[in-house]
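Read the structure below first, then the notes.
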Amino acid sequence: MKTVLYTSALILSFAAPAFAEGDVGAGEKAFKKCKSCHMIVPAEGDPIVKGGKTGPNLYGVIGRAAGAQEGFKYGKSLAAAGEAGLVWSEENLAEYVKDPKAFLKAELDDSKAKSKMTYKLKKGGEDVAAYLASVAPAPEEEATDS
Ligand code: HEC
């Protein structure tokens, strides 16, 4: 009986959360696929990842409103989603990178939604999201739980 109790406690402690947490190390590697278009550069200090300018700077993107990187010209749909209140979390970012256009269509409930990001990351979105969450300023009160 003791063994049974012990075993079930073990199983409970390993129970998977609703959203699979990503692996930061794996995400850092996977970011190689993103850096042709995205850099990760704090406003002050050294670049974390030097990258292209086709897409917005992703420093501190988790917790930021969608389409809010100053100076970047976003597509209409992503800008509209941000104005409607979309804030990046690890969970929705992982979903977005799988298929940005499909994500925006669902988010805006608009079959004509478009994305300027045509790249799709089939696997490992959670890892990249966890990595992006790790390259950010220390969290402030901006954490709205929407
Ligand atoms: C071929 C270029 C390209 C690649 C590769 C690419 N992106 Fe993008 N990304 C873009 C563009 C362009 C946008 C702006 C989309 C829009 O305005 O509709 C964007 C937007 C984003 C946004 C929204 C940012 C914001 O400020 O709202 C996130 C998050 C993002 N990309 C993550 C990634 C990740 C993670 C990868 C790698 C897995 C990646 N992207 C690969 C071009 C790219």
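For the listed peptides 115-124, 95-104, a ranking on the average number of other beta carbons within 10 Å per residue, highest first, reads 95-104, 115-124.
Cross-link check: pairs LYS29/LYS122; LYS32/LYS120; LYS32/LYS53; LYS53/LYS116; LYS50/LYS112; LYS76/LYS101 evaluated at a Cα-Cα cut-off of 23 Å; pairs beyond the cut-off: LYS50/LYS112.
In order along the stretch 114-131, phi translates into HN-Hα couplings of 10, 10, 7, 8, 9, 5, 10, 9, 5, 10, x, x, 4, 5, 4, 5, 5, 4 Hz, rounded to whole numbers, per the Karplus curve 6.51 cos²θ - 1.76 cosθ + 1.60 with θ = phi - 60° and x for Gly and Pro. Using the Cβ-Cβ distance between GLU91 and SER111 with R0 set to 22 Å, the FRET efficiency works out to roughly 0.40.
Taking only protein heavy atoms and a 1.4 Å probe, the accessible area of the stretch 21-134 is 50% carbon and sulfur. Taking amide H as placed 1.01 Å from N in the peptide plane, VAL87 has its amide H under 5 Å from the amide H of ALA66, each at least 5 places away in sequence or on another chain.
The dipole here belongs to the stretch 21-134: it is taken about the Cα centre, uses +1 on the Cβ of Lys and Arg and -1 on the Cβ of Asp and Glu, and is about 780 debye.
Packing, as the average of other Cβ atoms within 10 Å across residues, places the peptides 41-53, 62-74 in the order 62-74, 41-53, highest first.
The values are calculated or read from the model by the stated rules, or taken from the named source; none is laboratory data. Not measured: the values here are computed from a predicted model. Counting neighbours? That spans all protein chains shown, and the Cβs are built from the backbone with ideal geometry, glycine included. For the accessible areas, the whole protein counts, side chains as well, though only heavy atoms, and no ligand, DNA or RNA atoms are used. Shrake-Rupley method; radii C 1.70, N 1.55, O 1.52, S 1.80 Å.
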